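Taking it in order: structure first as structure tokens, then the write-up.
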Amino acid sequence: MLTFFDATLFFLIPIYAFRSGGFQLADLLLVPLGVYLMTRRGLCRQFWADIGGDLALQSIWVIIFFMIISLCAHNLFFNAPFDGLQVEAAYFAFLFYALLLFFYRLLNEPRPQHIVLTILCLIGASTIAPLVVAAQLFVSGSILFRQALTFNNPNQLGIFAGLCTSILVLSYFVFYPYYSRRMKVFLTVILLALLTLMILSGSRAALFGIFNYLALAIHYIKTTRHGKRNMLIFLVGLILILTPIVKQVTTPENLKKIAILDRLTNQEAENFDSDVSSRSGHIITELSAPSVLFLGTGKNRTSMENLEVHNDFLGLIYQTGIVSGILFVVACVGILLNLYRQKPYHVLTFLPYIAFGMFHYTFRPRIVWVFLAFFILLSKIRFSPRESIALP
């Protein structure tokens, strides 16, 4: 059941009151929630009995604990500077376990309608603060510029909106027999709000959130009578409406006036390509040394220009060696396989996360751990519309 505590927690997740990578307001509630859930022995015992053997779950656990051990070894034996990465990795472990228990308890609620409503309310609560700030900017006339809203930078906003969309879409696929008409309206409103936030972020990686809407279209066609005909009518109508608008908006003169569109269409905006190439080039150059490839460096910034690694796969290898990178791939493959066993098009809901991970270091935002915990659990559900919802 939804509680005021849970709603407040998700309301605080997108509010960044302090620097990125450090303490945030949501941690004030995440820590006591995690401690409370971990002290419930029956819940923990049941969780490990049901989910403990999952490939993705085991891989992520090994990655986190390997990171802690490897980073400590670099500090003790290889003179790597102590910059708190070990503490950060330990908190990742705590956060991941707390959120797994949180969603495991939710998904074992015997009434599927309550599960649906709770998920909608939690994600809806998390969009309130960014939307309030966006509304204020709209009134002031500065909404056309790339926005961070309640975050420290626009990319964090894009990651948040994209992953929240994936959570909502996958939950709809799994629980769609239990969605009432009002719930579907609620879902549509939240998805439109998240799409707005993705656009305002001006993040190219956030554009991969479109895969969620493609998955929704496939689901609609497969589960609705006359779905193909209705979808064709909708797409034709959408094209007829949007074509003159897009033609007018995308003229060179108008693109320059709208900063968000300018960044999304201009390959040289903010030196994006050169910056990514520079980071990747430095990483690949340093990883050519066998010691770095197999043992890592114990740090998350390149030696050449002190740049933070903006790639999850390369970042893990650079910090702790190739083992972590391989395990990260195994974890992603494990989730994708579970999604594919549900329905092949469910895989599309995970692709936005992979896109973010290619261009950003995504482990620090709290929403990423919410996403991973939720997807690991929800991707394991097997059911037919007449069966009850339950984890294996």
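Run the numbers on segment 1-112 and let me know its relative contact order in percent, using alpha-carbon pairs under 8 Å that are six or more apart.
30
Just grab the label-to-label distance for W48 and R111, each label 7 Å out from Cα along the Cβ direction, in nm (one decimal).
Output for this residue pair reads 3.3 nm.
What does the highest-first list of 90-99, 186-195, 30-39, 371-380 look like by mean Cβ count within 10 Å?
Going by the mean number of other Cβ atoms within 10 Å, highest first, we get 371-380, 90-99, 186-195, 30-39.
Can you tell me which of 60-68, 109-117 comes out highest on packing, and rank the rest after it, using the mean Cβ neighbours within 10 Å?
Top to bottom by mean Cβ count within 10 Å: 60-68, 109-117.
Measure off 7 Å from each Cα along the Cα-to-Cβ vector at V132 and F18, then give the distance between these two points in nanometres to one decimal.
Between V132 and F18, the label points sit 2.1 nm apart.
Taken together, the values in this text are just the output of simple stated rules run on the coordinates, not laboratory data. Values in this document were obtained by computation on a predicted structure and should not be read as measured data. So basically every Cβ, Gly included, is an ideal-geometry build from the backbone, and we count neighbours across all protein chains shown.
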